[in-house]
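Laboratory data are not the source of any read-out in this text; all were calculated from the coordinates shown. What you see is a predicted model, and the numbers here were worked out from it, not measured in a lab. For neighbour counting, all protein chains shown are included, and Cβ atoms are generated from backbone atoms with ideal geometry for every residue, glycine included.
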Amino acid sequence: MAEKPKLAMYWAAACGGCEISILDIEEHLLDVDAAFDLAFFPCIADFKTKDVEAMPDKSITVCLFNGAIRNSENEYMAKLMRQKSVVLVAYGSCAAEGCIPGLANFYDKKSIFDFAYKESPSTVNPEGKVPVPRTQMPEGEIEIPEFWDTVKTLNQVVDVDYYIPGCPPQSDQAWAVIETVVDILQNGKELPPAGTVLGAGNKTCCDECPRERKEKKIKKFVRPYEIIPDPDTCLMEQGLVCCGPATRDGCGAKCVKAGIPCRGCYGVPAGVSDQGAKMVAALASVIDSEDPEEIERIIDGIVDPAGTFYRFSLAASTLRRVQLESLRPAAAASQEK
């Protein structure tokens, strides 16, 4: 029998939801098993990094790499999986855009460690010890990954062939992509152009949303718990900050159909370079006032605008990170790590 193509999936700085989205393809897992041999999938079986290191280069046909690059281990594994894989896919928002881990780019390593290990009310650490990469013990040296100042996306570390957006990607979309890959491999078809976003469209979430849209004129922004939204009217028109205008379609608008504003997890639509800037423009066009003081009051109703507009895309945005005072003397080095 001919050797089957090999499939790998690796989990870097992420929550594990991307692995669940693959397992959620349910009975299609049998089709995946029929089409691929699993080369590396630590979430579901006891695979070892040393086994991947011993593989010939490009012996893994497809690697679904999920998670942002937060530390030295993440970076090493990204480079290793790139070396061993023919096709490397940034699977999910963390790998593609930095996602929630990327919000750490509003801070730096020192401020994060100070809070987590010294200042947090849940921390008991009277000596103020923080993790260090290497510690000498009687039994030998202990080594742990080095924590970077800056969270990176996968394509800021290695070349990426394709992107599958979502936090996590919708399982039906994940299966559609895998099914397409199987068809390509089995029938000798051409792969899509490098850089293609798979499992999503080229429009916005608003184009998938069935809610009725009129002329938006907003006098006040509210949070989801403050109102019970009308089931048929655009959520933005009801004062909810919905990121649909700045988010790629492909998820089926599941959140907005359930009365929850779009969070932006499918990333920027085609032709948009910065999700946060797109949201600022969208909101500026719907505020119903020309009075500066009233406009400021309306805008103040948006809690944590930076964290809302860049919730999933800060690490991939034009900003990339906040330049804190502690980073400026070594800005170049900080951007490298």
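Laid out as a table, the results:
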read-out: Amide H contacts of K6 (H built 1.01 Å from N, under 5 Å, at least 5 apart or other chain); value: D37, T61, V62
read-out: Rough spin-label spacing in nm, given labels placed 7 Å along Cα→Cβ, for E141 and I260; value: 4.6 nm
read-out: Residues in the stretch 146-176 reached by a label modelled at N187 [backbone nitrogen below 20 Å; 7 Å Cα→Cβ]; value: 173-176
read-out: Most positive-pole-ward Cα, I22, I218, T123, against dipole of the chain from beta carbon charges; value: I218
read-out: Candidate lysines for bridging to K110, where Cα separation is under 24 Å - those fewer than 8 sequence places away on the same chain excluded; value: K118, K129, K152, K337
read-out: 4 °C / 1.567 mPa s Stokes-Einstein diffusion coefficient of the stretch 270-329, Kirkwood radius on C-alpha pairs, µm²/s; value: 97 µm²/s
read-out: GNM flexibility winner over the chain from Q323, Q83, Q136 (Cα, springs under 10 Å); value: Q136
read-out: Gain upon complete extension [Q323, S72; 0.36 nm per residue less C-alpha separation]; value: 88.2 nm
read-out: GNM result for the chain, Cα springs below 10 Å: residue of V151, V86, V132 fluctuating most strongly; value: V132
read-out: Cα-only Debye scattering, the stretch 172-221: base-10 log of I(q)/I(0) at q = 0.14, 0.26 Å⁻¹; value: -0.58, -1.09
read-out: Dimensions (Å) - the stretch 1-142, Cα atoms, principal axes, largest first; value: 62, 35, 23
read-out: Calculated [θ] (222 nm, deg cm²/dmol) that DSSP helices of n ≥ 4 give over the chain, each run adding -39,500 (n - 2.57); value: -8000 deg cm²/dmol
read-out: Over the stretch 162-252, volume per residue of the alpha carbon convex hull, in Å³; value: 120 Å³
read-out: GNM top mover of P101, P192, P121 - the chain, alpha-carbon springs below 10 Å; value: P121
read-out: Modelled label reach - D172, point 7 Å along Cα→Cβ, the stretch 230-260 residues with backbone N closer than 17 Å; value: 249-259
read-out: Net dipole in debye of the chain [+1 Lys, Arg Cβ; -1 Asp, Glu Cβ; about Cα centre; nearest 20]; value: 500 debye
read-out: nm² value of the averaged projected area, convex hull over the Cα atoms of the chain; value: 22.1 nm²
read-out: When the stretch 107-149 is reduced to its Cα atoms, the Kirkwood hydrodynamic radius in Å; value: 11.7 Å
read-out: Binned Cα-Cα distance frequencies in the stretch 205-303 - 5 Å width, integer %; value: 2, 14, 25, 24, 21, 11, 4, 0
read-out: Distance between the stretch 102-149 and the stretch 17-52 - C-alpha centres, whole angstrom; value: 32 Å
read-out: Cα-based shape type of the stretch 49-90, given that a ≥ b ≥ c are square roots of the gyration tensor eigenvalues and the cut on a/c is 1.5; value: oblate
read-out: Relative compactness, the stretch 90-227, computed as alpha-carbon Rg over 2.2 N^0.38 Å; value: 1.57
read-out: Of F309, Y107, C94, farthest towards positive along the dipole that unit charges on Lys, Arg, Asp, Glu beta carbons give the chain; value: Y107
read-out: For the chain, the longest site-free run once GluC sites (Glu not before Pro) in DSSP loop states with at most 14 other Cβ atoms within 10 Å are removed; value: 28-126
read-out: Amide H partners (placed H, <5 Å) of V222, local residues excluded; value: L240, V241
read-out: Between the stretch 218-269 and the stretch 294-326, the Cα center-to-center distance that results, in Å; value: 18 Å
